[in-house]
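Read-outs throughout are calculated quantities, based only on the coordinates presented, and are distinct from any laboratory measurement. Note that this is a predicted model, so its numbers are computed, not measured. Positions of Cβ are backbone-derived with ideal geometry, glycine not excepted, and every protein chain shown enters the neighbour counts.
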Amino acid sequence: MSNRVYIFDTTLRDGEQSPGVSLNVKEKLEIARQLARLGVDIIEAGFPITSPGDFEAVKTIAREVRGVTVAGLARTNFTDIDKAWEAVRHADQPRIHTFIATSDIHLKHKLRLSRDQVVEAAVAGVKRAKSYTRDVEFSAEDASRSDPDFLCRVLEAAIEAGATTINVPDTVGYATPDEFAEFIKYIMNRVKGIEKVVLSVHCHDDLGMAVANSLAAILAGARQVEGAINGIGERAGNASIEEIVMALYTRRDRYGLETGINTEEIYRTSKLVSKLTGMDIQPNKAVVGKNAFAHESGIHQDGVLKERTTYEIMNPTMVGIAHSNLVLGKHSGRHAFRSRLVELGYSLSEDELNKAFARFKDLADRKKEITDQDLEAIVENEIRKVPATYELSYLHISSGTTVVPTATVGLTRGEELLEEAACGNGPVDAICKAVDKITGYSCRLVSWGINAITGGKDALGEVTLRIAENNKERLYMGRGISTDILEASARAYINAVNKMIYEQKNPDM
Ligand SMILES: [Zn+2]
């Protein structure tokens with residue numbers, strides 16, 4: 001058996017199904033490019049039939065991201081499969097990933113199909129996909145709760161029909177590691193033709209065992225694992241790719257297996273996904289959490305200073321966490337600024353660089369030390385955003401315990417300066433209302449959160465919020481940074497409104 005484990009990334013499909021997350025085409029493309037740099041083998045770019053936006057995203061990624069397999073998800077019906085093919089066909093290596101549920105619960109309550117009908121649908125779907133491409137993955141949804149004999153029958157039929165990868169998902173995160181390993185072994189022993197295909201697993205984290213289950217399956221013979229960056233996804237999420245990869249690497253003595261992942265890109269990928277999805281990473285998250293390499297106890301600190309391996313099993317540089325911290329300040333020039341950005345891996349256009357530099361100068365007036373994290377925040381929050389219809393010109397707030405919070409906001413639209421004032425039940429509410437008066441939209445604030453990007457009293461605060469137009473469901477996420485949380489809120493709100501306007505003007509985004 002091969003000692004190579006294929007990494008199938010579903011951040012853009014299952015991950016994007018995380019509650020509250022919706023990415024536009026541009027954001028998905030940016031994540032896909034980074035996934036390719038990370039070295040994943042397969043990018044599942046979306047579920048093309050579900051919406052024109054999803055279709056467009058998969059198609060764009062297939063065309064633009066080279067050197068990687070791009071998969072599109074489809075149910076077994078021909079409409080789904082044809083659409084998936086249309087979206088992935090221009091990829092270097094296109095894959096159609098088709099699925100149908102095999103558990104009795106799903107057959108009875110969701111599909112209302114007999115077992116024979118499911119086998120028939122699976123075979124027809126795989127054959128249809130196979131008529132387009134040689135690379136066809138078949139998934140038996142809810143496999144871990146399916147009758148093993150029936151599951152084996154479906155998998156065998158799918159292989160015979162031409163599937164080249166067979167995926168066994170623990171769709172609802174119900175399996176335990178020992179049980180799942182046995183299950184995989186059983187399939188390996190029972191299913192005819194299984195040795196000719198790649199066996200894959202797709203685990204969910206409802207009981208916190210997605211990574212453990214994936215690793216158990218690998219030991220039992222699975223050679224493709226599906227997962228998402230930061231473990232995002234439906235409900236409690238998918239198996240976290242960075243954890244699986246670092247477990248295989250750190251414990252290669254035990255697993256003896258390899259992946260194609262360039263581990264030094266892990267941290268950057270994790271941060272990009274967190275920024276663009278608006279899903280924060282818990283500080284104690286394995287591998288990529290803020291505290292993953294922090295040592296608090298004096299005994300530990302002393303140990304690490306004497307010899308890092310006393311308390312560290314992974315070297316932070318292995319996952320791409322840079323050590324340099326203090327970099328720039330008030331007196332740093334444009335040249336130093338640009339070269340630091342290049343070192344951090346950003347290539348900005350002249351126009352973007354000018355904007356970023358202006359924000360940097362503005363920040364340097366208020367904050368003494370500008371760290372790499374600050375620079376990343378400036379670039380990711382302020383520069384890489386959709387074309388802005390409105391930009392913040394100034395903000396004035398009056399607030400306190402005995403006054404009605406009032407905001408006066410000045411926005412520019414092109415050359416024009418537009419000004420309005422509004423009262424609210426808090427200063428953030430007042431800001432939103434004043435912005436709405438200018439833009440003519442009426443939005444509700446669905447969520448609002450703040451994070452300190454770096455430590456210290458002059459820390460840069462990052463506000464992430466979500467808005468929706470009144471009477472509409474679609475959410476738009478906005479981010480803004482500043483040392484002043486009200487200004488950060490205003491910037492985030494305007495960012496979200498700009499995204500909304502841009503999407504309404506460009507429905508394909
Ligand atoms: Zn899933």
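Structure values in brief
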{"item": "Cα shape, the range 145-195, gyration tensor, a/c 1.5 rule", "result": "prolate"}
{"item": "Gyration tensor verdict on the range 222-322 (Cα atoms; rounded if a/c is under 1.5, prolate if a/b is larger than b/c, oblate otherwise)", "result": "oblate"}
{"item": "Separation between Cα centres of the range 470-509 and the range 1-61, rounded to whole Å", "result": "23 Å"}
{"item": "Packing rank of 351-361, 130-140, 329-339, where each peptide gets the mean count of other beta carbons within 10 Å, highest leading", "result": "130-140, 351-361, 329-339"}
{"item": "Label-point gap, in nm, between D484 and S393 - each point 7 angstrom along Cα→Cβ", "result": "1.6 nm"}
{"item": "Relative packing of peptides 429-435, 297-303, 455-461, 3-9 - highest average C-beta neighbours within 10 Å first", "result": "429-435, 3-9, 455-461, 297-303"}
{"item": "18 Å reach of a label modelled at N470, 7 Å along Cα-to-Cβ, counting backbone N of the range 425-455", "result": "425-426, 429-447"}
{"item": "Sites matching GluC sites (Glu not before Pro) across the range 261-335 that sit in DSSP coil, with at most 15 neighbouring C-beta atoms within 10 Å", "result": "E296, E307, E312"}
{"item": "Share antiparallel - DSSP beta bridges, the chain, percent rounded to 5", "result": "50 percent"}
{"item": "Base-10 log of normalised Debye intensity for the chain (one unit scatterer per alpha-carbon) at q = 0.11, 0.12 Å⁻¹", "result": "-0.98, -1.12"}
{"item": "Highest average packing first - 251-260, 390-399, 222-231, 157-166, Cβ atoms within 10 Å", "result": "222-231, 157-166, 390-399, 251-260"}
{"item": "Lys pairs, the range 425-509 - Cα-Cα below 30 angstrom, 8 or more residues apart or on other chains", "result": "9"}
